[in-house]
Amino acid sequence: MKNEDTISAIATAAGAAGVGIIRLSGEDSIKIAQKIFDKPLIGDRKIIFGHVKNFSGEIVDEAIALIMRAPKSYTKENVVELQCHGGSVVLREVLKLTFEAGARPAERGEFTKRAFLNGRIDLTQAQAVLDVIQAKTSAALTVAQNQLAGKTSKEIREIRQAILNSAAHIEATIDFPEDDLDDVTLGEVDKNISAQIERLEKFLANQTAGRILREGLETAIIGKPNVGKSSLLNFFAKTDRAIVTDIPGTTRDSIEEFVNVDGIPLKIIDTAGIRNSSDAVEKIGIARAKNCAQNAELILALFDSSRPLDSEDEEIFKLLPNRNAIILLTKIDLPQVTTAAQIEKKIPAAQVIEISLKSGAGTEKLLNAITKRVGKIDFEMNFVRDEREANLLRRAVKHLHEAQETVRKNFGIDFVSIDLRAALENLSELTGESVSEDVINEIFSKFCIGK
């Protein structure tokens with residue numbers, strides 16, 4: 001696909017930095033950049049030092065121009081990157097000059113969108129770019145990098161080719177009815193379909209793990225005031241992320257932090273202490289805490305071992321039945337008043353871990369318990385990225401099952417071909433070979449401008 005216009009955007013994060021980059025892509029990107037750069041932009045894959053000047057000839061900034069001619073660039077178009085000083089004012093000035101010289105503002109994700117539309121990457125790789133940028137742990141980054149390198153695309157292509165081979169056998173018989181499919185060939189088609197169903201179902205089996213790696217496991221820390229909730233958040237974050245005091249009600253709103261537990265990103269939410277309160281602001285925080293507990297995938301419920309259980313603790317117990325929860329009995333470095341046995345009577349079969357966030361006792365056991373709740377994740381596996389991909393895979397598997405059923409019951413080979421082609425269409429939509437413009441626009445709208 002050929003884009004007639006040239007786009008420009010700031011490609012680096014907002015804020016002061018040593019270097020900031022203005023990226024241009026399009027047929028006229030070199031011509032446009034040359035209008036504001038004082039040295040000749042010649043050659044390919046060249047780095048040229050010079051100055052950005054406005055149309056009055058005044059120097060705006062000294063810069064390095066990086067030239068990449070089509071098709072040897074990220075977008076497979078002519079690309080120029082102007083590496084300037086990283087101040088927001090100078091970057092905005094240079095960006096404005098590129099617009100005055102003939103470029104237009106890039107839309108969200110438009111550089112990667114052009115890379116996809118121009119055939120440099122497929123849709124699974126394009127989405128992996130966003131996952132690389134947003135990776136919360138090194139394990140999540142490894143998964144995203146594998147997808148960006150085409151690992152998922154390669155297996156989907158292999159599955160598509162295997163299905164296409166079976167479809168070709170079937171359709172050859174439809175076109176040349178004198179060459180009937182014998183039982184051996186039908187058996188091979190049946191066996192091949194089974195093999196591809198198994199491969200696709202492995203993708204689907206990793207859907208939850210893929211979502212957790214990308215978004216983090218939503219984990220709510222709940223408990224009454226002063227049981228150690230904020231201290232627990234600080235333990236996970238390895239910094240003083242939340243204020244810790246002896247004053248009840250210090251945390252009045254939810255505090256979120258992404259943390260890494262054995263490669264698994266947890267979206268930890270430290271909630272307000274749940275208690276009876278007449279304070280209007282604190283009451284809002286308590287309501288949010290209860291809502292977090294209802295929606296969280298994992299609950300860490302804290303009870304203070306140095307104090308007896310009371311009515312406020314009872315409110316916490318009410319939130320735990322039939323939930324994925326780990327109960328933490330905190331402050332075991334102090335004389336114990338409440339024991340694990342008392343907690344277990346309240347919540348039979350609950351996992352209770354005794355910890356001291358002051359001494360560190362029990363924290364390793366907690367981390368192991370969280371890892372076990374998530375389950376073992378093979379970070380080298382192919383992962384389903386989102387519900388759109390999962391839905392396409394489920395539909396492909398459904399069509400393959402229907403094709404297989406038709407083969408086995410000998411209902412007519414033309415129906416087998418229809419189902420195989422439908423499965424192929426679903427897989428083509430997954431990689432972007434056959435996908436609507438609306439879907440493409442929705443996917444790239446989630447990117448940042450400049451990527």
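The values are calculated or read from the model by the stated rules, or taken from the named source; none is laboratory data. The structure presented is a predicted model; accordingly, all values stated were derived computationally and were not measured. Here the Cβ is made from the backbone with ideal geometry for all residues, glycine too, and neighbour counts use every protein chain on show. Heavy atoms of the whole protein, side chains included, go into the accessibility calculation; ligands, DNA and RNA do not. Shrake-Rupley method; radii C 1.70, N 1.55, O 1.52, S 1.80 Å.
Among the numbered conditions (1) under 17 Å from Ile156 (Cβ atoms); (2) open to solvent by 70 Å² or more (accessible area, probe 1.4 Å), the only one that Phe415 does not meet is (1).
Would you check which residues across region 207-226 are within 25 Å of the chain's Cα centre (by Cα) and open to solvent by 30 Å² or more (accessible area, probe 1.4 Å) and list them? Within region 207-226, Gln207, Thr208, Arg211, Arg214, Glu215, Glu218 qualify.
Look at region 309-338 and say how many of its residues are assigned to a loop (DSSP other than H, G, I, E, B) and either of a type in the set (Val, Ile, Thr) or touching a helix residue (DSSP H, G or I) at 6+ places or on another chain (Cβ under 9 Å) (or both). Step through it out loud before you land on a result.
Quick first cut of region 309-338, residues assigned to a loop (DSSP other than H, G, I, E, B) only: 309-310, 318-324, 331-338.
Filter once more, keeping what is either of a type in the set (Val, Ile, Thr) or touching a helix residue (DSSP H, G or I) at 6+ places or on another chain (Cβ under 9 Å) (or both): 309, 319-320, 323-324, 332, 337-338.
Selection size over region 309-338: 8.
To keep it simple, each residue is scored yes or no on (1) open to solvent by 50 Å² or more (accessible area, probe 1.4 Å); (2) of a type outside the set (Ser, Thr, Tyr); (3) modelled with pLDDT of 90 or more.
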position: Ala101; (1), (2), (3): no, yes, yes
position: Glu107; (1), (2), (3): yes, yes, yes
position: Thr112; (1), (2), (3): no, no, yes
position: Ile121; (1), (2), (3): no, yes, yes
position: Ala128; (1), (2), (3): no, yes, yes
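For region 26-74, a residue qualifies if it is under 27 Å from Leu117 (Cβ atoms) and touching a Gly at 6+ places or on another chain (Cβ under 8 Å), and the qualifying residues are Asp28, Lys31, Ile32, Lys35, Ala65, Ile67.
Sort out which residues of region 339-377 are part of a helix (DSSP H, G or I), aliphatic (A, V, I, L, M) and over 32 Å from the mean Cα position of the chain (by Cα), and write them in order of number.
Start the filter on region 339-377 by keeping residues that are part of a helix (DSSP H, G or I), which leaves 340-346, 363-374.
Those still in the list that are aliphatic (A, V, I, L, M) too: 340-341, 343, 366-367, 369-370, 374.
Correct list: Ala340, Ala341, Ile343.
Against the condition hydroxyl-bearing (Ser, Thr, Tyr), touching a residue at least 60 places away in the same chain (Cβ under 8 Å), crowded, with 22+ Cβ neighbours inside 10 Å and closer than 23 Å to Phe444 by Cα, how does Thr75 come out, does it pass? No; evaluated as a whole, the condition is false for this residue. The numbered conditions (1) part of a loop (DSSP other than H, G, I, E, B); (2) under 30 Å from Leu424 (Cβ atoms); (3) at pLDDT 90 or above are all true for Leu393 except (1).
Screening Ser434 against (1) farther than 20 Å from Glu188 by Cβ; (2) assigned to a helix (DSSP H, G or I) leaves a single unmet condition, (2). Taking first residues from region 43-66 that are touching a residue at least 40 places away in the same chain (Cβ under 8 Å) and partners that are open to solvent by 50 Å² or more (accessible area, probe 1.4 Å) and assigned to a loop (DSSP other than H, G, I, E, B), the Cβ contacts under 9 Å between residues at least 6 apart in sequence or on separate chains come to Val52/Asp38.
So in region 1-29, with the set limited to residues that are more than 28 Å from the chain's Cα centre (by Cα) and either hydroxyl-bearing (Ser, Thr, Tyr) or under 20 Å from Leu91 (Cβ atoms) (or both), which one is surrounded by the fewest Cβ atoms within 10 Å (Cβ to Cβ)? Within region 1-29, the match that is surrounded by the fewest Cβ atoms within 10 Å (Cβ to Cβ) is Gly18. Of the residues Ile48, Ile67, Ile42, which is open to solvent by 50 Å² or more (accessible area, probe 1.4 Å) and of a type in the set (Val, Ile, Thr)? Within the list Ile48, Ile67, Ile42, the selection yields Ile42.
Only one of (1) open to solvent by less than 30 Å² (accessible area, probe 1.4 Å); (2) without any contact (Cβ under 8 Å) to a residue 60 or more places away in the chain is not met by Ile36, so which one is it? Here Ile36 clears every test but (2).
For Lys136, state whether it is modelled with pLDDT under 95 and within 30 Å of Val416 (Cα to Cα). Outline the logic, then answer.
On the way: modelled with pLDDT under 95: yes; within 30 Å of Val416 (Cα to Cα): no.
Here the answer is no, as Lys136 does not meet what is asked.
Taken across region 367-374, residues that are within 27 Å of Leu300 (Cα to Cα) and open to solvent by less than 20 Å² (accessible area, probe 1.4 Å) do occur, with at least one present.
Inspection of region 227-242 finds a residue satisfying the criterion of being modelled with pLDDT of 85 or more, over 26 Å from the mean Cα position of the chain (by Cα) and open to solvent by less than 10 Å² (accessible area, probe 1.4 Å). Can Ala423 be described as at pLDDT below 95, buried (at least 21 other Cβ atoms within 10 Å of the Cβ) and closer than 16 Å to Ala167 by Cβ? When the stated conditions are applied, Ala423 does not pass them.
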